[in-house]
1. Looking only at the stretch 16-53, which residues are assigned to a loop (DSSP other than H, G, I, E, B) and touching a residue at least 24 places away in the same chain (Cβ under 8 Å)?
2. How many residues, within the stretch 76-88, are surrounded by fewer than 20 Cβ atoms within 10 Å (Cβ to Cβ) and assigned to a loop (DSSP other than H, G, I, E, B)?
3. Out of all the residues in the stretch 616-634, which are surrounded by fewer than 20 Cβ atoms within 10 Å (Cβ to Cβ) and out of contact with any Leu (no Cβ under 9 Å at 6 or more places or on another chain)?
4. Looking for whichever is touching a Ser or Thr at 6+ places or on another chain (Cβ under 7 Å), surrounded by fewer than 18 Cβ atoms within 10 Å (Cβ to Cβ) and closer than 26 Å to residue 15 by Cα here; the options are 182, 213. Which one fits?
5. Could you please give the count of residues in the stretch 244-279 that are crowded, with 21+ Cβ neighbours inside 10 Å and within 15 Å of the ligand (Cβ to nearest atom)?
6. Go through the stretch 569-587 and give me each residue that's in a helix (DSSP H, G or I), touching a residue at least 40 places away in the same chain (Cβ under 8 Å), of a type outside the set (Gly, Ala, Ser) and crowded, with 23+ Cβ neighbours inside 10 Å.
7. Any residue at all in the stretch 839-846 that is of a type outside the set (Val, Ile, Thr) and surrounded by 22 or more Cβ atoms within 10 Å (Cβ to Cβ)?
8. For the stretch 693-702, does any single residue satisfy the condition of being in a loop (DSSP other than H, G, I, E, B), at pLDDT 95 or above and among the small types (Gly, Ala, Ser)?
Amino acid sequence: MPGTNLTRDEAATRAAILAVESYTIDLDLTVSDKVFESTTVIRFSCSEPGASTFADLVDATIHEVTLNGRALDPSEVYRDSRITLDGLEADNELRVFCELPYSHTGEGLHRFVDPADGRVYLYSQFEVPDARRVYTTFEQPDLKSTFTFNVTAPEGWKVVSNSPSPAPEALDEGKAIWRFEPTKRMSTYITALVAGEYHEVQHTYVGKHGEIPLGHYCRQSLVEFLDVDELVKITEQGFAFFEEAFDFPYPFGKYDQLYVPEYNMGAMENAGCITLRDEYLPRSRQPRSFYEFRCSVILHEMAHMWFGDLVTMKWWDDLWLNESFAEWACYHAEVEATEFTDSWTGFANARKQTGYRQDQLPSTHPIAADNHDLQAVEVNFDMITYAKGASVLKQLVAWVGLEDFQAGLQQYFKDFAYGNSEFSDLLAALEKSSGRELGGWAQEWLQTAGVNTLTAEFETDADGRYSSLAVRQCAHPDWPTLRRHRIGVGLYDAVPNSQGEDRLVRRQYVEIDVEGELTEIPELVGAQQPDLLLLNDSDLTYAKIRLDQRSLATVVNGLSKLDDSLARALVWGAAWDMTRDAEMRASDFVALVLRNIGAETDSWGVSRIPTYAAQAVNHFSAKANRPQLRAEWERGLRDLLAAAEPGSDHQLTFARSYAGIAHSDAAIADLEALLDGSLTFDGLAVDQDLRWVLLTSLAAAGVAGDDRIDEELGRDHTISGQEHAAAARAARPDAEAKATAWEAAITKTDTPNETQRSIILSFQRPGQDDVLAPYVEHYLTAADDIWERLGTQRASTALEFIFPRQLASPELLERVDAWLESSPANPAAKRYVREGRADVARALAAQARDAVD
Ligand SMILES: [Zn+2]
């Protein structure tokens, strides 16, 4: 059995004979700053006395293992992260006493010392299989149990877990012990422990089923940024909405939200003990899209309390359902219960695009992936699972109707509370509530991969009316499934408003079912051809759409004349897809953005679309056109920045984007002047985070060196400052700076996860081809064994984001192909390399398209 893997079959075998009654877990966090002590007592029954099984534990120094009073020799029974348990009785007690290391990768029990004040903070992160890095477990979601934690820690710390925090009992030597009440029955991966010198604020939510204590926690150095009133407001809106919509009281008593440092993901749905990355407590000005996203994260985790924590997947095959549901539910709740009423537009502009992108990589997979073991789960934890899954659930809601969907869901929670279920159980509940057969729908949407493309095919008569109109559906040859789509079709014309300004106004809208290769739309035959024909109007389905020539001309000249933000999002998305697919010139996409972004009103549209344009400039433009396009993008952003409303999100986004492209002498001088205060824009605060953006761009341009970065770090003695400084150094265009950054991010094994990520995201820069050239070979050499050396989290970050996309060329493709043939790297590592290769191939095709006038 290789290392820490666990197969679905092994888990099923173990679940077939075991039932777990309780865990009692004693943790001593006062041993040292490197390790902690962990004592686990598991009481469980076995339906086949005499049988064998195993418990899970990773990286432990075991002092003692006792099974039913029998002492076992750790050197004999502990191997490959498992403890072999032979000769089980009907009722068993396993006791394991061991020492375990603190983590610096955000997996297991992470330990962090705040450089701002030297205070210590710990938090656990267990999904997918990492509870076994903190205590002895049966690490699979369907062996639910109760958990009793007893935690010894320095007195004065806060200690938080799934049960309410008890008053600590004082011990000697400045220590105390927190004895928690047993939890409700739950899976190991949603148990949690957060401990340290955290700041705590308590509120109480009074809802239809009674009171829920609400705790908010953060580091002491972030207290001034904890906008707790806003966070409590969103939390209360969420509880009011979900308790009503799910018709089931919140199951876990209290609800703590803890903002923690160096966190890998957005947040984690530990039952009643939510951990969130503490970048969500911003110290600097952020655009509305930031707050909209934070709100969606808070609601996503809350939805998991029911869907995931109360009713839990049997095995990770249904991970997609867990995440897709929480994702769909959070946008739905955001629209229905918070101030972010147009969140589905933001979803279309940003999140959904990540699903389309992932679905067109060679590594794409069906939403319902075959997660036969834990390695497969880790690989499939991607945007197919989140963004595509949520889009497809949105289509399912359109298919069965919201009311029936909700009724089925309510019954499902009642039927499976505190237990485990599979997707078929939910589908059966929805079939019952809606009276519709859903097996066929599930087959074509969930068990096949790839995205369809919808194109209008039409002819017009002498008067410009449609004499025929149909939707052609196609698919990539590797993923040939055609699906049934419920879509809207909108016809928009330019019509002068009362001030005599042209607006694009919807004249007609129909909803149709698309099926097979060609779907006629007889309802629209005879209609005058509009200025803009928009397929998938209302964004009901998940598909790429194409714009016909006339529609494209209409939007390039005046997308901002279209008042509906969701319709605009579909147009932005269609144009971006056409650019990525080499059907629209990168230069034309950049022109579209420069002409129309100033009038975009959706918060995600404003902040995300300029990043697409930057990608078009730096990756998709023909090499011959690139200098000119870079100059146009730089100049255009300078003009947009100057024209933006003082204090607006537009102004902030254009300032960041301008810094991102700045390369001419004039632009570099602007950045310097913004930093020293000699250039100002009314309403634009050059706060600490914007200072780092400006300085990093100067570093990338070769203008600011180590001395200036050190000086800035002197002003900003925080972990955020250290991460920004590491990123700025990695951006510098000289061989020594790149070598140092590479060493920290790829070679060393003790660089903290978030610092490593900052370096990696900053390393590959446009305009630095010479200094980056040696890193093709360095990358491929590192990729051979990086997974084993750095572990899942840091290896995947490195392989994905430090791939030399910047150096796209046919030679690079050839070199990567040869590596893929010969490298001993494991499939998970090769997946990321294959994805990088696909991005390069796509960029080369787009560059060729851009070269043709
Ligand atoms: Zn989730």
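1. Residues satisfying the conditions are 29, 30, 31, 33, 34, 47, 48, 49, 50, 51, 52.
2. 3
3. Selection gives 623, 624, 625, 627, 628, 631.
4. Result of the check over 182, 213: 182.
5. Residues flagged as crowded, with 21+ Cβ neighbours inside 10 Å and within 15 Å of the ligand (Cβ to nearest atom) within the stretch 244-279 amount to 11.
6. 570, 572, 576, 579, 580
7. Yes, there is a match, as at least one residue in the stretch 839-846 is of a type outside the set (Val, Ile, Thr) and surrounded by 22 or more Cβ atoms within 10 Å (Cβ to Cβ).
8. Checked the stretch 693-702: at least one residue is in a loop (DSSP other than H, G, I, E, B), at pLDDT 95 or above and among the small types (Gly, Ala, Ser).
The values are calculated or read from the model by the stated rules, or taken from the named source; none is laboratory data. Since we're looking at a predicted model, the values are computed, not measured. Counting neighbours? That spans all protein chains shown, and the Cβs are built from the backbone with ideal geometry, glycine included.
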